[in-house]
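Asks: I have a structure I would like to understand better, so I am pasting it below and will then ask my questions one at a time.
Read-outs: derived from the displayed coordinates by stated rules, not from any lab. The structure displayed is predicted, hence computed values, not measured ones. For neighbour counting, all protein chains shown are included, and Cβ atoms are generated from backbone atoms with ideal geometry for every residue, glycine included.
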Amino acid sequence: MAKAAAQQSLKDILSQIESITAWLESAEGGDVELGIEKVRTGAKLLKEAKERFGSIENEFRTIEESLQSL
């Protein structure tokens, strides 16, 4: 990955996960070491995406609470 996952947008992270998934689905009997590296990278990206979704959910809750006080 060129950029650290923490600096990437959620859209970029999801795009990379999609790319890894497509590679894994099409790699019949392919390079096992490369497959392991892609799975490792995918796991890191999934963790980052989950954290981002949690942050976004918290932001929406904060906004919702502020709107209820109007």
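Asks: What order do you get for 20-26, 8-14, 58-64 when each peptide is scored by the mean count of other beta carbon atoms within 10 Å, highest first?
Replies: Numbers: 20-26: 12.1, 8-14: 14.1, 58-64: 9.9.
My ranking of the peptides, most packed first, is 8-14, 20-26, 58-64.
Asks: Also: Charges only on Cβ, +1 for Lys and Arg, -1 for Asp and Glu: so what's the dipole of the chain about the Cα centre, in debye to the nearest 20?
Replies: With only Lys, Arg, Asp and Glu charged at Cβ, the dipole is about 200 debye.
Asks: Pop a pseudo-label 7 angstrom from the Cα along the beta-carbon direction at both SER55 and THR41 and give the gap in nm to one decimal.
Replies: 2.2
Asks: Sticking with this one: Dividing the Cα convex hull volume of the chain by residue count, how many Å³ per residue is that?
Replies: 83
Asks: Do the sum for the chain: with -39,500 (n - 2.57) for every DSSP H run of n ≥ 4, divided by all residues, what is the mean residue ellipticity at 222 nm, to the nearest 500 deg cm²/dmol?
Replies: Values: 2 runs with 54 residues, N = 70.
Helices in the chain give a 222 nm mean residue ellipticity of -27500 deg cm²/dmol.
Asks: In addition: Which of PHE60, ALA43, THR21 sits closest to the plus end of the dipole of the chain, meaning its Cα is farthest towards the positive end, when Lys and Arg get +1 and Asp and Glu get -1 on the C-beta?
Replies: Farthest towards the positive pole: PHE60.
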